Amino acid sequence: MSEKTTGQIDNVMHEDRLFPPSEEFSSKAVIGSMDQYQQLYDAAANDLEGFWDGIAREDLHWFEPYDTVLKQEGHNVEWFVGGKTNISYNCLDAHIVAGNGDRTAIIWEGEPGDQRTLTYTELHAEVCKFANGLKSLGVGVGDVVSIYMPMTPELAIAMLACVRIGAIHSVIFAGFSAEAIADRNNDANAKVQLTSDGLYRRGKVLPLKATVDEALEKSPTVEHVVVLKRVENEIAWTEGRDHWWHELVESVDADCPATPLDSEATSFILYTSGSTGKPKGIRHTTSGYNLWAKKTFQWVFDWRPDDVYWCTADCGWITGHSYIVYGPMSAGATCLMFEGAPNYPAEDRFWDLVEKYKVTIMYTAPTAIRAFIKWGDEHVEKHDLSSLRLLGTVGEGINPEAWMWYHEKIGGGKCPIVDTWWQTETGGLMMSPLPGATATKPGSCTKPLPGVFPTIVDESLQPVGENHGGMLCISRPWPGMLRGIWGDDERFFDVYWKTVPGSYLTGDNARIDEDGYYWIMGRIDDVINVSGHRLSTIEVESALVSHDAIAECAAVGRPHDLKGQAIAVFCSLKGVEPSEELRQELKLHVRKEIGALAVPDDIRFTDAIPKTRSGKIMRRLLRDVAAGRKAVGDTSTLEDFSVLAKLAEDDEG
Ligand code: WT7
């Protein structure tokens, strides 16, 4: 994030479709009306500490009670000070104690179609054994365990085993390179590496262990490697350093009581890439994080014991941490976990899973939804999706037309959609509809959750007016907030706290509409400035996506002599061929939807848009391409390098 701030941003998007929850949904919901929401919101606003005190006592198991709810010194905060709890206890033992041990915790399906289910009692047993295995390698409180594994139950088991004994996990998405692993391991001082022999990806085998071997040549702090057998490929073996998972757990004790940990003990670090510089190890805690993940899961996903909940993320991202493992499992939910890709063996894999496991709640990303739209409705229509009752999205803004498609084609017009805004740094959801209470508007994350206090300011730090965009900040602490960047307090202050004194700077722009609804306008650095008008990327993109021919679109600014910046857009098409005619039609379309100001100067048609490995459009790289520059800056998080090379080659025609 650069230090550059923006003035106010022009709002050019007009969305007046409104979708109130059905009476039937509301009558059964955890939070069933806006009055109930407002009561909770006001309670937190009037007495923040009292509010969280009440919830923390109820919702977490305490080995030792805390004496102070919140201690705050500038940007350094501590929650539930003096208390001791354990996240793994709250996710596992608590359900067994309550008599719910037989409830299914994980329903898993592997890419080749293999299946496994684990009850909470069975998961608890696996976690205890693996925790003892880690202990046998000398892992203890405060040691960092690096995890580079496929989406198997063992990945969740590994995470839960770490937090059970106070070890700090650092999960690295299994698509990252050896270089990326080495950087993260060195920064974190990782002591143990968990991996598998390989992983399945669209029918091929990726050699994870070989990548780890290469990474460890450059990250010498790692003393032990534990290898899960998944694909049975041949791997190199370093005697003394490498251990098979199944052998490690063979001879250990089955019993491993959860270690009482300080509220503020680091539970995990998770690396997130900034637009520049090396990745930041975002540091989360024990009690505060756990409480935030659990409560937000219950509020927003309106969880009920008979739900089958599916979050399609990978555990390598915060979404997987908070909404595959820690949130749902603290609540005692039944979670579907899937190892494969959405288009293997065919483009209907997700819908096959929804039908087969009767999924009731599905949480996915706009990038996936746009892909489904592009692949065509016939893949969806093959399947009975009537089990679904609630849909969610996260990761980027969702274009209103993609929202409508999700609502109609996947939700059958009857499922509320929760568009959840949050960040790796926030630990859990911050703004989202409550499905039984909030009337939704396509493209808006609606309102802050109870205990979240957003402000929007312009570059002179003044609050902006209705429908003006500015920098989104959070003005009061919340339990799930990050506590630091691993090993770099100065950067922690500079990135999040320096710009707007006393507030957490999210790095996003946003506006509030006439109904008090929030609209995220993209990253501060991505604003396009045309003749002094500041436009948000998402608004230009949404206008294009509302045209039938466009599946996906990325808008960026490029230098322009007269206007300062001109708009360049990269579009991928839905079953039509690129043509000059279409280009003119799209310009007219944008003129009609937004106005002359937002008409793109350049429209480029492309098969694929460069994205991060977590599916976000990399606008920073596209800015370079649009300006005719060679891509500079960090490209290590780019998912597919060939996309970038191809874009640079293609000329506008
Ligand atoms: C950034 C955080 C949060 C878990 C996954 C991503 C963007 C996220 C939304 C949304 C508009 C969104 C923001 C945010 N973002 N959700 N619902 N609407 N934008 O975590 O990698 O830390 O990214 O993703 O720009 O700051 P992350």
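The values are calculated or read from the model by the stated rules, or taken from the named source; none is laboratory data. Because the structure is predicted, anything quoted here is derived from the model rather than measured. With ideal geometry, Cβ positions are generated from the backbone for all residues, glycine too; neighbour counts draw on all protein chains shown. Calculation scope for accessible area: heavy atoms of the full protein, side chains included, ligands and nucleic acids excluded. Shrake-Rupley method; radii C 1.70, N 1.55, O 1.52, S 1.80 Å.
Structural remarks
- Exactly one residue out of Leu562, Leu544 is free of Cβ contacts under 8 Å to residues at least 40 places away in the same chain and outside any strand (DSSP E or B), and it is Leu562.
- Count of the range 401-433 residues which are outside any strand (DSSP E or B), within 15 Å of the ligand (Cβ to nearest atom) and open to solvent by less than 10 Å² (accessible area, probe 1.4 Å): 11
- Residues satisfying the stated conditions in the range 497-548, i.e. of a type in the set (S, T, N, Q) and out of contact with any strand residue (DSSP E or B) (no Cβ under 8 Å at 6 or more places or on another chain): Ser542, Ser546
- In the range 480-501, residue farthest from Tyr289 (Cα to Cα) [restricted to those that are open to solvent by 20 Å² or more (accessible area, probe 1.4 Å) and β-branched (Val, Ile, Thr)]: Thr499
- Residues in the range 166-207 that are surrounded by fewer than 24 Cβ atoms within 10 Å (Cβ to Cβ) and part of a helix (DSSP H, G or I): Ala178, Glu179, Ala180, Ala182, Asp183, Asn186, Asp187, Ala188.
- Residues in the range 302-340 that are hydroxyl-bearing (Ser, Thr, Tyr) and open to solvent by 10 Å² or more (accessible area, probe 1.4 Å) were compared, and the one that is farthest from the ligand (Cβ to nearest atom) is Thr334.
- Test: residue in the range 567-578 that is outside any helix (DSSP H, G or I), within 26 Å of Glu459 (Cα to Cα), away from the ligand (no atom under 16 Å from the Cβ) and open to solvent by less than 10 Å² (accessible area, probe 1.4 Å): yes
- Among the residues of the range 368-396, those that are open to solvent by less than 30 Å² (accessible area, probe 1.4 Å) and within 16 Å of the ligand (Cβ to nearest atom) comprise Ala368, Ile369, Arg370, Leu390, Leu391, Gly392, Thr393, Val394.
- Any chance Gly507 is part of a loop (DSSP other than H, G, I, E, B), open to solvent by less than 20 Å² (accessible area, probe 1.4 Å) and within 13 Å of the ligand (Cβ to nearest atom): no
- Looking only at residues in the range 537-565 that are modelled with pLDDT of 90 or more and among the small types (Gly, Ala, Ser), the one that is nearest to the ligand (Cβ to nearest atom) is Ser542.
- Some residue of the range 120-127 being under 25 Å from the mean Cα position of the chain (by Cα), buried (at least 21 other Cβ atoms within 10 Å of the Cβ) and β-branched (Val, Ile, Thr): yes
- If you go through the range 13-65 and keep only what is open to solvent by 30 Å² or more (accessible area, probe 1.4 Å), under 30 Å from Ser88 (Cβ atoms) and assigned to a loop (DSSP other than H, G, I, E, B), you end up with Val30, His61, Trp62, Phe63, Pro65.
- Taking the range 227-271 as the range and being assigned to a strand (DSSP E or B) and open to solvent by less than 30 Å² (accessible area, probe 1.4 Å) as the test, the residues that pass are Val227, Leu228, Asp242, Leu261, Phe268, Ile269, Leu270, Tyr271.
- The residue that is farthest from Gly470 (Cα to Cα), counting only those in the range 510-521 that are in contact with a Phe, Trp or Tyr (Cβ under 8 Å, 6 or more places away or on another chain) and buried (at least 20 other Cβ atoms within 10 Å of the Cβ), is Tyr518.
- Residues in the range 317-355 that are among the aliphatic types (A, V, I, L, M), out of contact with any His (no Cβ under 8 Å at 6 or more places or on another chain) and not in a helix (DSSP H, G or I): Ala333, Leu336, Met337, Ala341.
- When the range 66-98 is limited to residues that are assigned to a loop (DSSP other than H, G, I, E, B), on the phi < 0 side of the Ramachandran plot and out of contact with any helix residue (DSSP H, G or I) (no Cβ under 7 Å at 6 or more places or on another chain), the one that is surrounded by the most Cβ atoms within 10 Å (Cβ to Cβ) turns out to be Tyr66.
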